[in-house]
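Visitor: Handing you a structure now.
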Amino acid sequence: HLKTMLLLPMEFQNRVVGLVEVIDSRVERIFTFEELAVAQFLANQTASAIENARLYVQAQQEIVERIQMEKQLRQSEIRNRALLETIPDLMFRVSSEGVFLDFHSKNIDDLYAPPEEFLGKTINEVMPSDASDLIQHYIDQTLSSGMMQILEYQLPLPHGRQDFEARFVPSGPNEVMAIV
């Protein structure tokens, strides 16, 4: 019993997101250009509303996911800090160029030099040349191989020479973690 039918695409940013269907089973007719223009305008406005609603739902989902990831990251950071605090060894983050970036020590007296004398400085600036050259070599080896390297070395301390063992592991694309 179909008399008149009109199908219009619902377009948003040159994409069809739906279809508007107008059916009249009572009267057969031809739509004017103005009626078609108005109908197409309304169809496209509806497409815009549908797309905005979809984007809103997507944004809400992304916000929920981001909040969950941030919560997991905070929990992971708490666990990592707890682990770090239980490790009695000295730990240093060192760049590929040998710059001391950060450190962890349960006892500041265990350090070769006070933090203000080594943080932001290179190994060559802080340590004796024989030790610094060897340490830089192991940093390079660690970064090029991606594998842990173990170095045994000596440093002169006020009470005499002391033996150390350092384990170097990659901790970023251009840095290592040295556990002494």
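The values are calculated or read from the model by the stated rules, or taken from the named source; none is laboratory data. Since the structure is predicted, the reported quantities are computational estimates derived from the model, not experimental observations. Reconstructed Cβ throughout: ideal geometry from the backbone, glycine too, with neighbour counts over all protein chains shown. Accessible surface is based on the protein model in full, side chains and every heavy atom, while ligands, DNA and RNA are left aside. Shrake-Rupley method; radii C 1.70, N 1.55, O 1.52, S 1.80 Å.
Visitor: Of all the accessible heavy-atom surface of the range 83-180, with the other protein chains kept in place and a 1.4 Å probe, what percent is carbon and sulfur?
Guide: 52
Visitor: Sticking with this structure for a sec: Residue 164: net charge of surrounding residues, Cβ under 12 Å, Lys/Arg +1, Asp/Glu -1, itself excluded?
Guide: -3
Visitor: Please sort 73-83, 43-53 by packing, taking for each peptide the average over its residues of neighbouring beta carbons within 10 angstrom, highest first.
Guide: 43-53, 73-83
Visitor: Leaving ligands, DNA and RNA out of it, rank 121, 106 by accessible area with a 1.4 Å probe, largest first.
Guide: 106, 121
Visitor: Give me the angle, in degrees from 0 to 90, between the Cα long axis of helix 129-145 and the longest principal axis of the Cα atoms of the chain, rounded to the nearest 10.
Guide: On a 0 to 90 degree scale, this one is about 30.
Visitor: For every helix of n ≥ 4 consecutive DSSP H residues, a contribution of -39,500 (n - 2.57) applies; sum these over the chain, divide by its total residues, and give [θ] at 222 nm rounded to the nearest 500 deg cm²/dmol.
Guide: -15000 deg cm²/dmol
Visitor: Still on this structure, please answer the following. Considering the Cα trace of the chain, what is its radius of gyration and what is Dmax, both in angstroms?
Guide: So, for the chain, Rg and Dmax equal 33.8, 107 Å respectively.
Visitor: Hey, another quick one. Evaluate the distance, in nm, between pseudo-label points positioned 7 Å from the Cα of residue 16 and of residue 105 along their respective Cα→Cβ axes.
Guide: That separation, rounded to one decimal, is 7.2 nm.
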